[in-house]
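Novice: Here it is, the structure in full.
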């Protein structure tokens, strides 16, 4: 049987979009075919995260250099869809990397994150197809690498990665996407809205996987989850984060009422008042 981790590694090291997606989907399909027979090679080596490759385009610039995207114009809509596509492509690499970089975990851990990678491939393809309606393709518009930079910072710490990527950065999608959907439906842009509906529902599951596996790490290491989560929020984000928070969706993804209360307390919008 082919080595599952070889597929994941090749997908991470691929700079080609098509190759990344093809290898990701092959890794997912292989993981589905190995029920009860999954074996992680004891001696497998992990390539440094600096070796992970991305396409030459889009050009990445600091977030502050990106113009604001207003959904009321065609140019704004094009930039908005492109930005979401960029998030989804980065999310493919993020899901692959967590399945690749951390060794010695249960079989289901690797299967869950390859399931996520496959979902992100689906989202990316939907958005790229939709971009053609705006005479645009992925890579045409500058973007930023804020998502991947957090993966680099948490390269050696699984609990930090779970806290900061699925449970913070990706969870923001649960907070902001419903408002985007309201604007799209108000403009009668059902094509864009239907794609975002798919992404939003899938992202609840992805964030819930972050909660589930952070629980696993905490139980294994006899650490209280809420304490550990906010420890990482403090260390990496200086304790200040941005709301508002979609409580119903976050509860579905495993957030407790105590976590939601603490997130609201840390909301930097309130600190400015």
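Novice: Is it fair to say residue 148 is on the phi < 0 side of the Ramachandran plot and either at pLDDT below 95 or surrounded by fewer than 21 Cβ atoms within 10 Å (Cβ to Cβ) (or both)?
Specialist: The answer is yes for residue 148.
Novice: Check whether at least one residue in segment 189-200 is closer than 20 Å to residue 252 by Cα, more than 14 Å from the chain's Cα centre (by Cα) and surrounded by fewer than 18 Cβ atoms within 10 Å (Cβ to Cβ), and report yes or no. So that I can check it myself, show each step before the final result.
Specialist: Quick first cut of segment 189-200, residues closer than 20 Å to residue 252 by Cα only: 196-200.
Filter once more, so that each one left must be more than 14 Å from the chain's Cα centre (by Cα): 196-198.
Now restrict to residues that are surrounded by fewer than 18 Cβ atoms within 10 Å (Cβ to Cβ): 197-198.
The answer is yes, given that some residue of segment 189-200 is closer than 20 Å to residue 252 by Cα, more than 14 Å from the chain's Cα centre (by Cα) and surrounded by fewer than 18 Cβ atoms within 10 Å (Cβ to Cβ).
Novice: Could you count how many residues in segment 42-59 are more than 24 Å from residue 143 (Cα to Cα) and either surrounded by 15 or more Cβ atoms within 10 Å (Cβ to Cβ) or in contact with a helix residue (DSSP H, G or I) (Cβ under 7 Å, 6 or more places away or on another chain) (or both)?
Specialist: The total comes to 3.
Novice: Quick check: anything in segment 232-253 over 29 Å from residue 71 (Cβ atoms), out of contact with any helix residue (DSSP H, G or I) (no Cβ under 7 Å at 6 or more places or on another chain) and outside any helix (DSSP H, G or I)?
Specialist: yes
One line per residue, one yes/no per condition, for (1) closer than 28 Å to residue 231 by Cα; (2) in contact (Cβ under 8 Å) with a residue 24 or more places away in the chain; (3) assigned to a helix (DSSP H, G or I):
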| site | (1), (2), (3) |
| --- | --- |
| 163 | yes, yes, yes |
| 166 | yes, yes, yes |
| 169 | yes, no, yes |
| 172 | yes, yes, yes |
| 178 | no, yes, yes |
| 181 | no, no, yes |
| 188 | no, no, no |
| 203 | yes, yes, yes |
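Novice: Every residue in segment 98-147 that is assigned to a helix (DSSP H, G or I) and touching a strand residue (DSSP E or B) at 6+ places or on another chain (Cβ under 7 Å), please.
Specialist: none
Novice: Output the residues belonging to segment 219-273 that are in contact with a strand residue (DSSP E or B) (Cβ under 6 Å, 6 or more places away or on another chain) and at pLDDT 95 or above. Talk me through it step by step, then tell me what you get.
Specialist: Here is the first cut: in segment 219-273, the residues in contact with a strand residue (DSSP E or B) (Cβ under 6 Å, 6 or more places away or on another chain) are 243, 266.
The answer is none; no residue qualifies.
The values are calculated or read from the model by the stated rules, or taken from the named source; none is laboratory data. All figures in this text were calculated on a predicted structure; none of them were measured in a lab. Heads up, the Cβs are rebuilt from the backbone with ideal geometry, glycines too, and the neighbour counts pull from every protein chain shown.
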